[in-house]
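Okay, structure first, notes after.
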């Protein structure tokens, strides 16, 4: 979806229009899909608070069981990176988030991860596997995968991105295979797991990374002492402050 405003869609380089997105959502209801997601961005170039909230209200009116609502980020090697657009300032971004979050809650949506909202029992199971540092197969052109092995190895895979190269039997389907080393695993685990707003069982860290809790004692104590994470008997949970400063929290688990 990204936006319901044609000018914003064109600015983002999208080839679909407002009516196509609306019709797709209505069709999903008509044919009785068990669930579907609308993907909506805010913080777009020259976007006002009212523009962003209008987009969100239109998405809510379409009643998707799941809604991904997140702020535009400028990535390297993109047109916006080389020619930065004028984006909303921090005050407007905060107003969009605060007011939009309230709108979603009042409409019956529950925020279960940083950018994911759903009606009760409609959380995206596929994404939950990612965020819980679970395993998944990357199948097909450009696909990413993560696999854990009985000997303790954790491997990330990437398939060849370009269709021509992927279909060329003279080239390998697997473009790369990267081993996640032990000292990288705390950051790899928490950059995913802390997106979720549910409590994180302490046993899950050990099970998924193969590391003892002592391996993260120092950074975890820092996060707890500074009010970013609540330390429960058998789990951790990100606080409201931690959600707002998630990048600062994750930095604690990065390699020095």
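The values are calculated or read from the model by the stated rules, or taken from the named source; none is laboratory data. Keep in mind that what you see is a predicted model, and the values were worked out from it rather than measured. FYI the Cβ positions are ideal-geometry reconstructions off the backbone, even for glycines, and counts take in every protein chain you see.
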**Complete:** Picking from 54, 68, the residue that is buried (at least 16 other Cβ atoms within 10 Å of the Cβ), under 21 Å from residue 24 (Cα atoms) and either assigned by TED's automatic domain parsing to the domain that holds residue 238 or out of contact with any helix residue (DSSP H, G or I) (no Cβ under 7 Å at 6 or more places or on another chain) (or both) would be 68
**Message:** Could you check region 161-203 and list, in sequence order, the residues that are more than 23 Å from the chain's Cα centre (by Cα), surrounded by 16 or more Cβ atoms within 10 Å (Cβ to Cβ) and assigned to a loop (DSSP other than H, G, I, E, B)?
**Reply:** 173
**Request:** Report whether or not residue 125 is out of contact with any helix residue (DSSP H, G or I) (no Cβ under 9 Å at 6 or more places or on another chain) and within 22 Å of residue 37 (Cα to Cα).
**Result:** yes
**Asked** Does region 227-246 include one or more residues that are touching a residue at least 12 places away in the same chain (Cβ under 8 Å), over 24 Å from the mean Cα position of the chain (by Cα) and part of a loop (DSSP other than H, G, I, E, B)?
**Response** yes
**Request:** Return only the number of the condition from (1) buried (at least 16 other Cβ atoms within 10 Å of the Cβ); (2) within 19 Å of residue 132 (Cβ to Cβ); (3) over 20 Å from the mean Cα position of the chain (by Cα) that residue 155 does not satisfy.
**Result:** (1)
**Fill in**
Among the residues of region 44-69, the number that are within 19 Å of residue 124 (Cβ to Cβ), touching a strand residue (DSSP E or B) at 6+ places or on another chain (Cβ under 9 Å) and either part of a loop (DSSP other than H, G, I, E, B) or modelled with pLDDT under 95 (or both) is 3
**Message:** Quick check on this structure: which one of 150, 105, 98 is part of a loop (DSSP other than H, G, I, E, B) and without any contact (Cβ under 8 Å) to a residue 12 or more places away in the chain?
**Reply:** 150
**Request:** Within region 207-225, track down each residue that is more than 24 Å from residue 115 (Cα to Cα) and surrounded by 14 or more Cβ atoms within 10 Å (Cβ to Cβ).
**Result:** 209, 210, 211, 215, 216, 219, 222
